[in-house]
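Undergrad: The structure's right below; bear with me while I get my questions together.
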Amino acid sequence: MKKALSKVNWLVLSILAIAMVAINWPIYYYRLMGGTYNDFGSYLVNAYAILAGKPWPVFNQVHPLVQIILAGMSWISRSRIDPFPGMIFLMVACQTVLAIIFYFWLGRLNCRGGDWIRAVLAMSLTLISPLLALVPLDHDYYFGYIVLANYHNPSVLLLRPLALLSFYFAFCVFNKPRNPLWMIIVSAIVLVLSALAKPNYLLCILPALFVLGIFRMIKKQPWDMRFFIFGFALPGVIVLFVQWLLLYGTSSEGIIVNPYIAQYLANYVFWKFLLSILFPLAATILFIKKMVKDPFIWLGWMGFIVSAGLFFLFSESGRAMINGNFSWGTQVMLLLLIVVIVRFCLKLFSEEKTALWKQLLVWGIYLLYVASGVVYYIHCITGKPYA
């Protein structure tokens, strides 16, 4: 442990954390305090209700983690931390922790300035956006795209670092035929917390793990079935069943097959989808022969395919239909897919001789994602609605 910590470049890590606070504090302060249209209000109302011992809507109790954290911060501080500034602090903390996890996930780079490159990439991964090429046509920055940078929904922002941690444990299911018990327990805890933040990641990762597990069995390749059952399947099914009972158990509403919901919510859906996945799609096409050997890539693509299937084929019925709540899964799973693609390309380009045009094409598309993310950030911090 001491040896591992001694290898950490604390200067770079500290500057990364400071940069994340500097980038995120202004925009979340503005989104909460500037009277913009967002989803923060209902979470704050629920946090105040918890503190006052009053009832709050059942459909919000299904994923209560944000509200519980806000109420807990106020209670522990003896009301010195009000939920309003507490929400800003929580959102900035989520983004900062996410960038730090990205930094460690990308791994050490054996080149001059490698730690700084990791830090810049980690920071950029929290900012990237799909290519906003169709904005001049419909003036829409959000609907139809698979949005990666989110400045209006607290539960998906809390979900992302939890999903990233859980995704690492999901990889371990296929990396070793048997993992230690403590890892299984931690995986189950992180998975449940992710569902209490927002259940969309869980809805995607369980089918992805199941399909890849069956594939491994057919190919007679080893995988840790015990890890899958007790670290993912059992806790995941239990928490999803409880959430389903709370949300739909006494209601006439539910989940329906609705392949037209995406077209109802936005224009140019096919082209926006293509612009959203252009980076991972191009990289995969270029390096498909090498990527098929990487379990992270398999898991990333399978999870994203499941998320896209849920969004494009299903919706909730009733009042929640137009909310597009299955879209949250595509946002989280596409971000995870992009991270594993970036990680793969960094390792490939540093260890093997790769054609320069391929490197330029991959990083060129990624830079367009970063540029779109900067445009979206400016859009959201200059008085515009998030969409």
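Undergrad: In segment 17-57, how many are surrounded by fewer than 19 Cβ atoms within 10 Å (Cβ to Cβ) and charged (D, E, K, R)?
TA: Residues that pass the stated criteria total 2.
Undergrad: For segment 83-132, how many residues are assigned to a loop (DSSP other than H, G, I, E, B) and at pLDDT 95 or above?
TA: Matching residues across segment 83-132 total 7.
Undergrad: Select, from LEU127, LEU157, LEU137, the only residue that is crowded, with 23+ Cβ neighbours inside 10 Å and in contact (Cβ under 8 Å) with a residue 40 or more places away in the chain.
TA: Just one listed residue meets the conditions, LEU157.
Undergrad: Next up: For ILE285, only one of the following conditions fails: (1) farther than 26 Å from LEU134 by Cβ; (2) loosely packed, with under 14 Cβ neighbours inside 10 Å; (3) free of Cβ contacts under 8 Å to residues at least 60 places away in the same chain. What is its number?
TA: Of the numbered conditions (1) farther than 26 Å from LEU134 by Cβ; (2) loosely packed, with under 14 Cβ neighbours inside 10 Å; (3) free of Cβ contacts under 8 Å to residues at least 60 places away in the same chain, the odd one out for ILE285 is (1).
Undergrad: Assess whether LEU134 counts as being in contact with a helix residue (DSSP H, G or I) (Cβ under 7 Å, 6 or more places away or on another chain) and under 13 Å from ASN267 (Cα atoms).
TA: Working: in contact with a helix residue (DSSP H, G or I) (Cβ under 7 Å, 6 or more places away or on another chain): yes; under 13 Å from ASN267 (Cα atoms): yes.
Judged against the criteria, LEU134 is a match.
Undergrad: Would segment 259-271 turn up any residue that is among the small types (Gly, Ala, Ser) and free of Cβ contacts under 8 Å to residues at least 24 places away in the same chain? If you could, list the steps in order and put the result at the bottom.
TA: From segment 259-271, those among the small types (Gly, Ala, Ser) are 262, 266; that's our starting set.
Pick out the ones that are also free of Cβ contacts under 8 Å to residues at least 24 places away in the same chain and you get none.
No, there is no match, as no residue in segment 259-271 is among the small types (Gly, Ala, Ser) and free of Cβ contacts under 8 Å to residues at least 24 places away in the same chain.
Undergrad: Here is a further query. Note down all Cβ pairs under 8 Å where the first residue falls in segment 194-222 and is within 24 Å of PRO177 (Cβ to Cβ), the second is crowded, with 19+ Cβ neighbours inside 10 Å and acidic (Asp, Glu), and they're at least six residues apart or on different chains.
TA: Between residues of segment 194-222 that are within 24 Å of PRO177 (Cβ to Cβ) and residues that are crowded, with 19+ Cβ neighbours inside 10 Å and acidic (Asp, Glu), there is no close pair.
Undergrad: Filter the helices (runs of 4 or more DSSP H) completely within segment 285-370 down to those with at least 3 residues that are in contact with a strand residue (DSSP E or B) (Cβ under 9 Å, 6 or more places away or on another chain) and over 24 Å from GLY107 (Cβ atoms).
TA: In segment 285-370, there are no helices (runs of 4 or more DSSP H) which contain 3 or more residues that are in contact with a strand residue (DSSP E or B) (Cβ under 9 Å, 6 or more places away or on another chain) and over 24 Å from GLY107 (Cβ atoms).
Undergrad: How many residues, within segment 173-199, are buried (at least 19 other Cβ atoms within 10 Å of the Cβ) and more than 18 Å from MET91 (Cα to Cα)?
TA: Residues that pass the stated criteria total 8.
Undergrad: Within segment 288-326, which residues are surrounded by fewer than 17 Cβ atoms within 10 Å (Cβ to Cβ) and closer than 23 Å to GLY364 by Cβ?
TA: Within segment 288-326, ILE288, LYS289, LYS290 qualify.
Undergrad: Please give the number of the condition TYR30 fails out of (1) part of a helix (DSSP H, G or I); (2) under 30 Å from LEU240 (Cβ atoms).
TA: Failed condition: (2).
Undergrad: Shifting gears a bit: Got at least one residue in segment 231-254 being crowded, with 18+ Cβ neighbours inside 10 Å, out of contact with any Leu (no Cβ under 6 Å at 6 or more places or on another chain), outside any helix (DSSP H, G or I) and not acidic (Asp, Glu)?
TA: Taking every residue of segment 231-254 in turn, none turns out to be crowded, with 18+ Cβ neighbours inside 10 Å, out of contact with any Leu (no Cβ under 6 Å at 6 or more places or on another chain), outside any helix (DSSP H, G or I) and not acidic (Asp, Glu).
Undergrad: Related question: How many residues are surrounded by fewer than 22 Cβ atoms within 10 Å (Cβ to Cβ) and either under 13 Å from CYS172 (Cα atoms) or over 22 Å from the mean Cα position of the chain (by Cα) (or both) when one looks only at segment 200-211?
TA: Of the residues in segment 200-211, 0 are surrounded by fewer than 22 Cβ atoms within 10 Å (Cβ to Cβ) and either under 13 Å from CYS172 (Cα atoms) or over 22 Å from the mean Cα position of the chain (by Cα) (or both).
Undergrad: Moving on to the next point. Go through segment 361-386 residue by residue and tally those that are in contact (Cβ under 8 Å) with a residue 12 or more places away in the chain, of a type in the set (Gly, Ala, Ser) and surrounded by 15 or more Cβ atoms within 10 Å (Cβ to Cβ).
TA: So the answer is 2.
Undergrad: Considering PRO161, PRO177, which residue is within 30 Å of PRO222 (Cα to Cα), modelled with pLDDT under 95 and of a type outside the set (Phe, Trp, Tyr)?
TA: Numbers: PRO161 fails: modelled with pLDDT under 95.
Among PRO161, PRO177, only PRO177 is within 30 Å of PRO222 (Cα to Cα), modelled with pLDDT under 95 and of a type outside the set (Phe, Trp, Tyr).
Undergrad: In segment 136-157, what residues are under 16 Å from ASN24 (Cβ atoms), in a helix (DSSP H, G or I) and more than 9 Å from the chain's Cα centre (by Cα)?
TA: Answer for segment 136-157, where residues must be under 16 Å from ASN24 (Cβ atoms), in a helix (DSSP H, G or I) and more than 9 Å from the chain's Cα centre (by Cα): just PRO154.
Undergrad: Could you tell me whether segment 299-318 includes any residue that is aliphatic (A, V, I, L, M) and under 24 Å from ILE23 (Cβ atoms)?
TA: No - not one qualifying residue is present in segment 299-318.
Undergrad: List every residue pair whose Cβ atoms sit under 9 Å apart, with the two residues 6 or more apart in sequence or on different chains, where the first one lies in segment 317-333 and is at positive phi and the second, anywhere, is surrounded by fewer than 14 Cβ atoms within 10 Å (Cβ to Cβ) and of a type in the set (Ser, Thr, Tyr).
TA: GLY318/SER251; GLY318/SER252; GLY324/TYR264
Undergrad: Kindly evaluate GLY254 against the criterion of being more than 22 Å from the chain's Cα centre (by Cα) and in contact (Cβ under 8 Å) with a residue 60 or more places away in the chain.
TA: So GLY254 passes the test.
The values are calculated or read from the model by the stated rules, or taken from the named source; none is laboratory data. As the structure is a prediction and not an experimental result, all values here were calculated from the model. Here the Cβ is made from the backbone with ideal geometry for all residues, glycine too, and neighbour counts use every protein chain on show.
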